[in-house]
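Worksheet for the structure shown next.
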Amino acid sequence: MSLFKKVIDGVYNLLLGLKVTSLRLPERAVTLQYPDERWEMPERSRGIVVLLSDKETGKLNCTACLLCQKACPTAAITIEREKGEDKKWHLTSFTVDNTICCFCGLCEEACNFSALKMATKYEFSVYDQSELVFDMKKLQELGRDVPYTPRPKKKKPVVKKPAPAEPAADEMKPKAEPEKETESKPEPEAETKPEAASGDLFDDAKKEPESNPESGAEPAQKENKPDSSEDKKPEAQE
Ligand code: SF4
Ligand code: SF4
């Protein structure tokens, strides 16, 4: 290419650039003066994992349930916990390794206690990679100003005392049956013994040939049942 043609091409590109600049000059600027100015990120954009705290008490909402740790596909979350005297799990350590976090948001979806959120924050470039491992304290500080909707607290169920049980129908009935049983008891044996001593048995033995024709059942019944005619015999003898 000759020198003359190179000069012509340079002037043409200069004029072309000046044309674009002159057309955009009256319009509003579309660029930001970073780092003095920053873009406002959409609310659901996934920046970095932070821990959320209770707005009243300032304590972490985390219950150390380990759901987020189990949901994390890259094992970026490490949780340590211990059981307190109240028999509840208490968080002792919560670490997020941002060098292996893929910002998928599964940990936020797994959390049922509004304790963890993907904040819209970014700009965490460092020279030392180890500084990208955030501990519990840093995660809590990063989440202090992150807006979130607290999970509605469960109301304690009202335990109704059971009504006193009504007495059973059998218990309400008067206990008259035992008295009837005592009235129907047979007479004491002492009254029958004198009869046997007075020779009734001897009389029955005399009657046995008459009352035992073929079957042996009838004599036994006669022994048990006091005969009214036999009761009268002693009186006749006397
Ligand atoms: S955003 Fe994904 S990779 Fe990062 S900590 Fe959460 S679950 Fe793990
Ligand atoms: S951040 Fe949420 S899911 Fe993870 S341990 Fe705490 S309460 Fe459980």
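The values are calculated or read from the model by the stated rules, or taken from the named source; none is laboratory data. Values in this document were obtained by computation on a predicted structure and should not be read as measured data. Every residue, glycine among them, receives a Cβ derived from its backbone with ideal geometry; neighbour counts consider all protein chains shown.
Out of the residues in region 87-118 that are in a loop (DSSP other than H, G, I, E, B) and aromatic (Phe, Trp, Tyr), state the one that is farthest from ligand 2 (Cβ to nearest atom).
Only one residue fits best here, namely 103.
For region 123-130, state whether one or more residues are within 15 Å of ligand 2 (Cβ to nearest atom) and assigned to a helix (DSSP H, G or I).
Looking through region 123-130, none of the residues is within 15 Å of ligand 2 (Cβ to nearest atom) and assigned to a helix (DSSP H, G or I).
What about residue 97, is it closer than 19 Å to residue 143 by Cα, touching a residue at least 24 places away in the same chain (Cβ under 8 Å) and exposed (fewer than 14 other Cβ atoms within 10 Å of the Cβ)?
Working: closer than 19 Å to residue 143 by Cα: yes; touching a residue at least 24 places away in the same chain (Cβ under 8 Å): yes; exposed (fewer than 14 other Cβ atoms within 10 Å of the Cβ): no.
No; evaluated as a whole, the condition is false for this residue.
Quick check on region 65-80. Is at least one of its residues assigned to a strand (DSSP E or B), at pLDDT 95 or above and near ligand 2 (Cβ under 9 Å from one of its atoms)?
Within region 65-80 (the criterion being assigned to a strand (DSSP E or B), at pLDDT 95 or above and near ligand 2 (Cβ under 9 Å from one of its atoms)), the answer is yes, since at least one residue qualifies.
Being under 19 Å from residue 117 (Cα atoms), in contact with a Leu (Cβ under 7 Å, 6 or more places away or on another chain) and not hydrophobic (A, V, I, L, M, F, W, C) is the filter here, so list the residues in region 70-96 that pass it.
73
Counting only residues that are more than 14 Å from residue 139 (Cα to Cα) and either surrounded by 11 or more Cβ atoms within 10 Å (Cβ to Cβ) or of a type outside the set (Ser, Thr, Tyr) (or both), how many does region 27-53 have?
18
Considering only region 42-56, state which residues are modelled with pLDDT of 90 or more and in a loop (DSSP other than H, G, I, E, B).
The answer is 42, 45, 46, 47, 52, 54.
In region 50-92, what residues are farther than 27 Å from residue 132 by Cβ and either among the small types (Gly, Ala, Ser) or within 16 Å of ligand 1 (Cβ to nearest atom) (or both)?
84
Can you pull out the residues in region 92-106 that are under 16 Å from residue 50 (Cβ atoms) and among the aliphatic types (A, V, I, L, M)?
Passing the criteria: 96, 106.
It is to be established whether one or more residues within region 81-96 are within 30 Å of residue 37 (Cα to Cα) and touching a strand residue (DSSP E or B) at 6+ places or on another chain (Cβ under 9 Å).
Within region 81-96, one or more residues are within 30 Å of residue 37 (Cα to Cα) and touching a strand residue (DSSP E or B) at 6+ places or on another chain (Cβ under 9 Å).
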